[in-house]
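K.L.:
Take a look at this one; I'll ask things after.
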Amino acid sequence: MKIKIMILLTAVLLLTGCSSFREIDISEDGETRRITTEDTNEIDIPANPESIVLFRTIDPGNAALLGFDVSGVNEGLENNGTVEDAFGTEVTYLEPGDLDSLKEIKPDLIVTYSPDEYFEEYQKIAPSIRITYSSGIMSPFSPRAYLTQLYYLGVILNKEDEANKIGDEWEAETTVLKRELNEQADGKQALVAVEHADGYLLYNEYMSYGTEAVYDVLGFQMDESAKNDLQENLFDVKQPENFNAFETDYIFVNVENTADEALQQQFSEALGIPAAHVILLNRDDYITNDLISVRKQTKYIVDKVNEADAD
């Protein structure tokens, strides 16, 4: 009897997991879809939204990949190359919670992060969906959180099959991209840091800022002590000399000024690695981890690593 109960509970959990992010109904006129999400539960949204606002940094590039125009994005993307290339001057950059500017756009669909303190206010303006950034237990792309997010947006925009296809093709493409390294990275260690007002933050895999390209696509490893530090001190601000507690062959630092040779030298001396192995990344472009961005980031990093190894 206990075994039967466990099997039944497992089946319920599986069905519950499968119910997240899927279409459950469509109106007779085909203009409205009802979907379920892991956070917003059941919600009616336009079948063909014409004015989409996306507050999460990962979503605009993925929307472009799925063939959609976007009316508004988070103001934090104002200098992001992927967004500029995809939407030009047609997109409005919005401060989260700026309801007046949001109303001017007249959105018919809003997608934001979870939690979002302004979510209830967004709901009064247009159908709104919150998405938790996670790999998703039932996602076909787990543990690749960035591919799971593409899949979720595909369900929302009625492009689930296209998102699945793109994700499957990407997993094959990563093998090709990785082979472009002159020397494979599997046996090498790397750190990813992001410039902060008072210092630098250490970032884990699947946290944007190039981490997907470094750890997932190219296969660099992270020192165990760095992993432990992230578990215990996530988002603690560090100085370059603090990074010498971790073993690494490369460090990728997201900064405003990618021509800062003095900073390269500072990290080089602190970590005991060649200055060419301190690779500065444009944080405005590396903040996004949609598939378009990750592809461009990977190619750039491959070129920089190959140049460093050639020196």
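K.L.:
For the range 257-267, does any single residue satisfy the condition of being among the charged types (D, E, K, R), in contact with a strand residue (DSSP E or B) (Cβ under 6 Å, 6 or more places away or on another chain) and on the phi < 0 side of the Ramachandran plot? Spell out the reasoning first.
P.N.:
Residues of the range 257-267 that are among the charged types (D, E, K, R), as a first pass: 260-261.
Narrowing the set further to residues that are in contact with a strand residue (DSSP E or B) (Cβ under 6 Å, 6 or more places away or on another chain) leaves none.
Within the range 257-267, not a single residue is among the charged types (D, E, K, R), in contact with a strand residue (DSSP E or B) (Cβ under 6 Å, 6 or more places away or on another chain) and on the phi < 0 side of the Ramachandran plot.
K.L.:
Being farther than 25 Å from Phe55 by Cα and touching a residue at least 60 places away in the same chain (Cβ under 8 Å): is that true of Leu291 here?
P.N.:
So Leu291 fails the test.
K.L.:
Could you tell me how many of the residues in the range 36-58 are in contact with a strand residue (DSSP E or B) (Cβ under 7 Å, 6 or more places away or on another chain) and more than 13 Å from Leu109 (Cα to Cα)?
P.N.:
7
K.L.:
Under 6 Å between Cβ atoms, which residue pairs at least 6 apart in sequence (or on different chains) link something in the range 192-207 that is over 15 Å from Val278 (Cα atoms) and modelled with pLDDT of 95 or more with a partner that is in a strand (DSSP E or B) and not β-branched (Val, Ile, Thr)?
P.N.:
Between residues of the range 192-207 that are over 15 Å from Val278 (Cα atoms) and modelled with pLDDT of 95 or more and residues that are in a strand (DSSP E or B) and not β-branched (Val, Ile, Thr), the close pairs are Gly199/Lys238.
K.L.:
Now a separate question. Which pairs have Cβ atoms under 8 Å, sit 6 or more apart or on different chains, and link a residue in the range 296-308 that is closer than 16 Å to Ile251 by Cβ and at pLDDT 95 or above to one that is aliphatic (A, V, I, L, M) and part of a helix (DSSP H, G or I)?
P.N.:
Gln297/Ala213; Ile301/Ala213; Ile301/Val214; Glu307/Ala276
K.L.:
Next question, about the same structure. If I filter the range 134-176 down to residues being buried (at least 16 other Cβ atoms within 10 Å of the Cβ), hydroxyl-bearing (Ser, Thr, Tyr) and in a helix (DSSP H, G or I), which single residue comes out as nearest to the chain's Cα centre (by Cα)?
P.N.:
Tyr146
K.L.:
Listed residues Ser51, Ser71, Ser101; which is at pLDDT 95 or above, in contact with a Pro (Cβ under 7 Å, 6 or more places away or on another chain) and surrounded by fewer than 21 Cβ atoms within 10 Å (Cβ to Cβ)?
P.N.:
On the way: Ser71 fails: surrounded by fewer than 21 Cβ atoms within 10 Å (Cβ to Cβ); Ser101 fails: in contact with a Pro (Cβ under 7 Å, 6 or more places away or on another chain).
Being at pLDDT 95 or above, in contact with a Pro (Cβ under 7 Å, 6 or more places away or on another chain) and surrounded by fewer than 21 Cβ atoms within 10 Å (Cβ to Cβ) holds for just one of Ser51, Ser71, Ser101, which is Ser51.
K.L.:
Among the residues of the range 177-190, which ones are surrounded by fewer than 22 Cβ atoms within 10 Å (Cβ to Cβ) and not in a helix (DSSP H, G or I)?
P.N.:
Correct list: Arg179, Glu180, Leu181, Asn182, Glu183, Gln184, Ala185, Asp186, Gly187, Lys188, Gln189.
K.L.:
State which residue is surrounded by the most Cβ atoms within 10 Å (Cβ to Cβ) when the search covers only the range 74-98 and only residues that are under 21 Å from Glu162 (Cβ atoms) and not acidic (Asp, Glu).
P.N.:
Checking each candidate, the answer is Val83.
K.L.:
Taking Lys106 as meeting all but one of (1) farther than 19 Å from Ile35 by Cβ; (2) touching an Asp or Glu at 6+ places or on another chain (Cβ under 9 Å), write down the number of the exception.
P.N.:
Only one criterion is unmet by Lys106, namely (2).
K.L.:
Would you be able to tell me the number of residues in the range 102-119 that are farther than 16 Å from Ile156 by Cβ and either touching a strand residue (DSSP E or B) at 6+ places or on another chain (Cβ under 9 Å) or outside the structural domain of Pro49 (by TED's automatic domain parsing) (or both)?
P.N.:
Residues that pass the stated criteria total 5.
The values are calculated or read from the model by the stated rules, or taken from the named source; none is laboratory data. The shown structure was predicted, so the numbers you read here are calculated from the model rather than taken from an experiment. Cβ atoms come from the backbone with ideal geometry, glycine included; neighbour counts cover every protein chain shown.
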